[in-house]
Amino acid sequence: MTDFSTIYKLSIIAFIGFIQGCSCTCPVMECWFVQEKPGRGGGLTGATTQEKSLLHIRTDKQSEAAGSQSDATDIDPSRVYAITDPSANLCHASLNPPRGSIQKPQCEINPFLPQPSSLKWVASLTESALSPVYLQADWFSASFQGLDQQLGVSTISRAPTGTKEHHVILSITSRTMSAKSRLGEPVTLDCNFWVDPSTPLSASGFAVEWRYQTRGDGRLVLAYDGKLDRLADTHETGAFLDFEALHERGNASLVLEEAKVRHSGTYICTIYLPYLLAQVAMELEIVEPPSLSIHPSPLPLAVPGQTLNLQCEASGFAPLPLEMSWEFKGADGKSRSLGSGRMSGHRQAWDGTYSQSSRLELDTSKLDLGRGGEVTCVAAHAGGTRRASVTLNVIGFSSPSIEDSMAMVGVALVLYGLIKFVSWSFTGSGSNKADGEDKKEK
């Protein structure tokens, strides 16, 4: 039993060692190295330059990146870097597509200058005002986006001056780079961060900031000083963090209690360490399909040659645009388009949702509607297609259908038979009475 236990433990240790040592899932990734040109004087900033670079990702300095293929010939050797990421966030499958894949992950790397922040919820991290010797190195920020927006990663890495050996110090990930929600539903925007425990900056606390931006407008949603355990005052309501998960696992995800139209836009999650910051941006779209109603409903009885005015009202939808059309399904089961009708302009309600209507003139003499059928309003929207129907009955139709003709023939036969029966009954009764009278006379 003891031997089995020992073998079991050794197997577990070997398995863990294999997983940690294997870098087969870590990519060799092409990336754009972007930096600003020197200023042109007068405080002006020059244009940016971008060069191709190659990143060999690994989880520790002893391992090799997957593929270990020779560096691309069109990349300057000075732009080939070894990136050590102990968190293994950069080894996610979405950042390492199969060889020969047309789709590639997106990547950009920039020089980074560590500096203290003057924000109230960050200032406590550098209140000593001392710049540690640890910062005397080359620093870089990088952003990565996986295939199909499965994952977004932002990193801050440190390299000894003059070397190309980068070590990730701070890493942020998000798995909701593009999120959608219905109105009124709770929304969680994913943001998790990892800090290298070996860095002296990890012992000085952290801060979290969430900002919202759309169409040039922005606002602070939530800010938290993790060192002092203090929330900043904001005007946002219904947004919160899970503070237990934040301190235990680095889960800085933002939770919106109830999705509203005004929540659609870009959200930026920023994590601060002393002198460092990294951020990841994600998109949230609130999508609500329309509710449809047709007026009048039910439709009045129509006669051939009469024109009916129908209106279809689509309300409570977001975002724009909306496409509306009409269909008619006759008694034969066949459907055909009646066009889009006359569309009104859209109107916005107090909650940010929109409404729009379509008016249809239904001329029973021109549209060959027969004896009537089903009139349907169709609204096509990003949140889904919605339909509403009413029944149209046309009376006094000039040409009877086959069913009507058969029914009339049946009624005629029944009437004919009834008349013959009554006639026979009266005739038979009269004959019997005449015979009786003849017998009496005799």
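The values are calculated or read from the model by the stated rules, or taken from the named source; none is laboratory data. Everything numeric in this text was worked out from a predicted model, so none of it was measured. Ideal geometry is used to build each Cβ from the backbone, glycine not excepted, and the neighbour counts take in all protein chains shown. Heavy atoms of the whole protein, side chains included, go into the accessibility calculation; ligands, DNA and RNA do not. Shrake-Rupley method; radii C 1.70, N 1.55, O 1.52, S 1.80 Å.
Of all positions in segment 97-109, at least one carries a residue that is crowded, with 18+ Cβ neighbours inside 10 Å and within 17 Å of L277 (Cα to Cα). Flag: W194 does not match the condition of being closer than 20 Å to F240 by Cβ, at pLDDT 95 or above and assigned to a strand (DSSP E or B). A residue that is charged (D, E, K, R) and modelled with pLDDT of 95 or more occurs nowhere in segment 64-84. T364: in contact (Cβ under 8 Å) with a residue 60 or more places away in the chain, of a type outside the set (D, E) and over 22 Å from P289 (Cβ atoms), yes or no? Against the criterion (in contact (Cβ under 8 Å) with a residue 60 or more places away in the chain, of a type outside the set (D, E) and over 22 Å from P289 (Cβ atoms)), T364 qualifies.
Looking across segment 260-304, the residues that are of a type in the set (S, T, N, Q) and either in a strand (DSSP E or B) or closer than 30 Å to S143 by Cα (or both) come down to S264, T266, T270, Q279, S291, S293. Of everything listed in (1) within 22 Å of S181 (Cα to Cα); (2) surrounded by 14 or more Cβ atoms within 10 Å (Cβ to Cβ); (3) more than 23 Å from the chain's Cα centre (by Cα), the single unmet condition for S358 is (1). Between L241, L273, the distinction of being assigned by the TED database to the domain that holds S171, over 19 Å from Q115 (Cβ atoms) and of a type in the set (A, V, I, L, M) belongs to L241 only.
The condition (being under 24 Å from the mean Cα position of the chain (by Cα), acidic (D, E), more than 28 Å from S357 (Cα to Cα) and open to solvent by 70 Å² or more (accessible area, probe 1.4 Å)) is satisfied by just one residue among E257, E236, E244: E257.
Here Q145 meets each of (1) at pLDDT 95 or above; (2) among the polar types (S, T, N, Q); (3) open to solvent by 50 Å² or more (accessible area, probe 1.4 Å) with one exception, condition (3).
F317 passes every criterion in (1) free of Cβ contacts under 8 Å to residues at least 40 places away in the same chain; (2) open to solvent by less than 80 Å² (accessible area, probe 1.4 Å) apart from (1). Applying the criterion of being aliphatic (A, V, I, L, M) and crowded, with 18+ Cβ neighbours inside 10 Å to the residues of segment 210-233, the residue that is farthest from A179 (Cα to Cα) is A223.
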